[in-house]
1. Starting from the amide H of residue 94, placed 1.01 Å from N in the peptide plane, find each other amide H under 5 Å away whose residue is 5 or more places distant or on another chain.
2. Please give, to one decimal in nm, the separation of the simple spin-label points placed at residue 54 and residue 31, each 7 Å out from Cα toward the Cβ.
3. Work out the FRET efficiency for residue 40 and residue 93 from their Cβ-Cβ distance, taking R0 = 35 Å, and round it to the nearest 0.05.
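What follows is calculated from the coordinates using simple rules that are stated; it is not laboratory data. Since the model is a prediction, treat every value here as computed from it, not as a measurement. Heads up, the Cβs are rebuilt from the backbone with ideal geometry, glycines too, and the neighbour counts pull from every protein chain shown.
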Amino acid sequence: MGVQHESLLSKTYLLAIVGRVGSKEMLWWIMAAVGWSLWKTRNDLIFSNIVIKSPKQVAYKSLGFLKQWIMMARKDGAMKEASLDKLKEGMERW
């Protein structure tokens with residue numbers, strides 16, 4: 001039996017992160033980063049024949065985009081940074 005871990009990108013997990021930080025805007029940032037990561041991964045496959053080895057690569061690519069966007073936005077940066085830290089903690093347990 002073992003510990004059941006909820007999917008990193010599940011609605012409940014994301015809402016728990018957003019609830020802790022208090023910003024639904026962060027949920028939109030996360031969804032955009034995941035969508036963009038999936039699109040970039042798809043383009044890598046179609047145009048460069050690059051196949052990812054693990055779905056975790058998409059999750060880490062999303063985290064990278066979030067870090068970049070937060071640095072560019074700087075508005076509410078501390079709040080977004082706190083949410084990003086929570087997401088990173090979840091990814092490390094995954």
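1. For residue 94, whose amide H was placed from the backbone, there are no distant partners under 5 Å.
2. It works out to 2.8 nm between the two label points.
3. On the way: r = 25 Å, r/R0 = 0.71.
In this case the efficiency is close to 0.90.
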